[in-house]
1. What nm value, rounded to one decimal, do you get for the distance between B:Leu190 and B:Glu338 when each label is placed 7 Å out toward the C-beta?
2. Taking segment B:134-193, which chymotrypsin sites (Phe, Trp or Tyr not before Pro) meet the DSSP loop condition and have no more than 12 other C-beta atoms within 10 Å?
3. Cross-link list B:Lys193/B:Lys321; B:Lys374/B:Lys394; B:Lys333/B:Lys397: which exceed 20 angstrom alpha carbon to alpha carbon?
4. Just to be sure I understand the curve: with the Debye formula and one point per C-alpha of chain B, what is log10 I(q)/I(0) at q = 0.06, 0.07, 0.12, 0.13 Å⁻¹?
5. Calculate, for B:Arg429 and B:Lys12, the FRET efficiency according to 1/(1 + (r/R0)^6) with r their C-beta to C-beta distance and R0 22 Å; round to the nearest 0.05.
6. How much of the accessible area of segment A:65-161, in percent, comes from carbon and sulfur atoms when a 1.4 Å probe is used?
7. Relative to the isolated chain, which residues of segment B:302-342 have their accessible area cut by 50 Å² or more in the presence of all protein chains (1.4 Å probe, heavy atoms, no ligands or nucleic acids)?
8. Measuring from centroid to centroid over Cα atoms, what is the spacing of segment B:403-449 and segment B:1-58 in Å?
Amino acid sequence: MKQTISVLVENQAGILNRITGLFSRRAFNIDSLAVGVTDDPAVSRITIIVDSGNSEMEQVEKQLNKLIEVIKVRTLEEDKLIGRELVLVKVNANAKTRSDIMTICELTGAKVADISPTSLTLELSDTPDRISTFEAMLRPYSIQELARTGMIALQKGSGKI
Amino acid sequence: MTGAQALVESLKLANVEHMFGYAGATICPAVDALANAPEIGYTLVRTEQNAGHMASGYYRVTGKVGVCMVTSGPGATNLITGIATAYMDSIPMVAITGQVPSHLLGRDIFQEVDITGAVAPFSKHSYLVKDANDIPRVVAEAFHIASTGRPGPVLIDLPIDIQEQELKEFHYPEQVNLRSYKPSVRGNDLQIKRVVAAIEAAQRPVICAGGGVFLSHAEQELLELAERTHIPVVTTMMGLSLLPTEHPLNMGMLGAHGNVYANKAVAKSDLLIMIGCRVADRAILSPAELAKRTAIVHIDVDPAEIGKNMKAAIPVVGEVKAVISQLLKRLEKRSGGEWLEKLQHFRRQELTRPLPSREGYIFPGTLLRALGDKLRYNAAVCVDVGQNQIWACKHLKLGGGRFLTSGGLGTMGYSLPAAVGVKVAQPERQTVVICGDGSFQMSMNELAAVSAAGMDIKIVLFQNNILGLVHQIQSTPAYPAGPFGVSLDGSPDFSVIADAYGIQNRTLSDEAELDEALDEMLSSEGSYLLICRVHPDATTND
Ligand SMILES: Cc1ncc(C[n+]2csc(CCOP(=O)(O)OP(=O)(O)O)c2C)c(N)n1
């Protein structure tokens with residue numbers, strides 16, 4: 001089962017190493033990991049998506065909490081989170097295919113980030129599922145390069161971790 | 001003031017009285033500052049791993065965080081086993097490593113290794129200091145983190161230029177306040193009430209006590225809990241010597257290598273109260289099975305231990321000492337009844353059961369029983385790894401003394417350096433080492449540290465000329481090829497080794513001489529090596 005863990009940490013060198021080490025030691029595969037500072041520059045938020053069972057998650061949460069720089073850990077419930085991911089995708093485009101690709105952009109809400117005679121670079125921020133759909137729609141036009149950020153997430157409503 | 005001087009000044013403020021180390025180029029500024037601090041004693045080890053073990057032995061008898069200091073590169077990597085050994089047994093330790101100049105970090109220059117990265121999986125925390133002004137704070141935090149909550153080793157990596165850097169101002173924080181690190185102390189009151197009710201309802205309760213009781217300095221509280229409720233106590237290997245061997249409530253050590261009736265007691269119990277232990281694989285083989293039959297209370301300071309190896313019906317997170325005190329406020333006297341009497345009967349049988357003997361050899365169990373009777377009440381016994389360890393767990397009788405061994409990592413070579421650490425702290429305390437001929441050869445170079453300090457350590461060496469425990473495992477049907485690569489042929493004549501270090505010694509192969517030989521060893525002045533010939537086929541099941 002895919003799980004989303006949100007971790008607040010002291011923004012210090014080496015912490016990412018410690019966190020990923022913790023996952024790899026238990027042979028948990030990290031699907032995605034996104035790091036960035038929060039409104040407090042001394043604090044970073046790390047959003048980790050992993051595939052694992054509940055009892056394993058409890059142990060991971062506890063182990064994360066043991067790291068000295070970790071301030072808070074919370075596994076976010078699937079239906080109570082807002083999750084977004086950003087994708088940049090460079091796709092082949094010529095005079096013939098460009099308008100078809102633009103239609104896909106309109107339907108998905110993607111924007112054109114860069115244009116060249118033979119390509120279009122598109123950007124889309126959305127849920128990981130919809131990003132995957134977007135990617136599938138573009139594949140017939142031949143994708144040259146693609147980068148996804150991994151999901152970042154917050155809880156819905158006014159609550160915070 | 002330089003970074004090196006700030007380090008030494010901070011160590012003094014952290015009440016450090018002794019350090020174990022090995023110098024090298026990148027730690028020279030710190031060593032130089034230490035030379036000007038006669039308040040702090042210093043032991044030169046013969047290989048860095050043993051600095052960790054000495055710091056461990058030092059802590060385990062004093063309760064004071066052990067400190068070691070080594071150079072970068074090979075010094076730091078040699079120390080790794082010492083750090084991992086301490087981590088697995090939750091021993092608080094501050095390890096200081098020299099490092100190459102900070103502006104050259106990452107260039108793989110001479111004697112650079114990423115030691116903070118290397119020890120990340122088995123240290124509680126680590127620092128790579130990049131500004132000398134941080135040194136006082138880092139030292140204060142390191143001691144705080146190492147010694148509170150679930151204790152463990154903390155490493156401080158100090159580049160040489162940072163040791164030489166001038167500080168703007170020296171300020172050692174009186175209090176450490178880390179927003180992300182606040183270990184629980186008291187147990188939740190509701191959980192405490194549930195534990196009390198469970199104890200009152202239980203017919204066949206058993207306490208399983210581990211090393212966490214020592215770490216929390218709760219030996220007295222444990223004794224009071226057991227004596228007031230008459231609940232029999234089994235211990236893990238790390239909990240050995242919490243109760244005197246012959247205490248009527250002590251049922252011995254549980255686990256694959258433990259006492260038969262300790263395991264029976266746990267298996268037949270209807271309430272298992274685990275205190276400061278983590279029941280690793282060696283202690284309880286199939287935790288899930290046991291949890292089906294027995295209600296389990298688990299008291300530990302580390303929430304991650306609860307539910308990790310064993311599901312607990314009633315988890316209590318808190319300092320063991322605080323939690324037992326909370327329980328004692330609510331628990332009434334109760335009697336042990338038939339359950340206790342039965343266990344005591346079997347325990348007595350086990351402690352006095354006849355042991356095998358072979359002519360021309362010493363059976364270690366026989367020697368350990370006799371040794372136990374002769375030890376001073378508060379003796380410290382440092383035990384190595386292998387058959388010697390298991391024999392000592394089963395047969396060594398202890399009064400109020402301490403049993404020190406590497407339980408979690410099972411690091412061969414632990415016993416002698418640990419004993420040096422004990423002796424540094426408590427020169428008057430009777431200190432005995434028990435080891436095999438394989439483990440002795442892993443750290444016998446520390447006899448130099450013993451001799452240099454004129455220490456009085458009694459070493460019992462069980463010489464079977466094999467790596468006994470591995471030999472024993474290889475002799476089972478699981479390994480049809482039989483024993484291989486475990487002969488210790490080529491070992492030196494240990495009496496000549498002892499002579500070379502100026503240490504008295506005697507070789508023993510006749511059990512009839514055992515009493516007299518032990519008396520001679522224990523009454524001798526200075527260190528002593530008692531070499532006991534042990535038959536290679538003697539096993540821990542005998
Ligand atoms: C550093 C290290 N290497 C290897 C082992 C694996 N090992 C466990 S017991 C043992 C044999 C110990 O031999 P010895 O010290 O002679 O003691 P005995 O078992 O004969 O009492 C070995 C090799 C270990 N525990 N530690």
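1. Going by the 7 Å Cα→Cβ label model, 3.8 nm.
2. When the chymotrypsin sites (Phe, Trp or Tyr not before Pro) of segment B:134-193 are filtered for loop state and at most 12 Cβ neighbours within 10 Å, nothing remains.
3. On the way: B:Lys193/B:Lys321 17 Å; B:Lys374/B:Lys394 17 Å; B:Lys333/B:Lys397 29 Å.
Violating the 20 Å limit, Cα to Cα: B:Lys333/B:Lys397.
4. Normalising to I(0) and taking log10 leaves -0.30, -0.41, -1.16, -1.30.
5. Values: r = 25 Å, r/R0 = 1.14.
It comes to 0.30.
6. Values: 3090 of 5830 Å².
Accessible surface attributable to carbon and sulfur in segment A:65-161 totals 53 percent.
7. Those are B:Ala304, which lose 50 Å² or more relative to the chain on its own.
8. Taking the Cα centre of each part, segment B:403-449 and segment B:1-58 sit 20 Å apart.
The values are calculated or read from the model by the stated rules, or taken from the named source; none is laboratory data. Owing to the predicted nature of the structure, the values given are computational and were not obtained by experimental measurement. Quick reminder, even Gly has a Cβ in these numbers, built from the backbone with ideal geometry, and neighbours come from all protein chains shown. Ligands, DNA and RNA are excluded from the accessible area calculation, which covers all protein heavy atoms including side chains. Shrake-Rupley method; radii C 1.70, N 1.55, O 1.52, S 1.80 Å.
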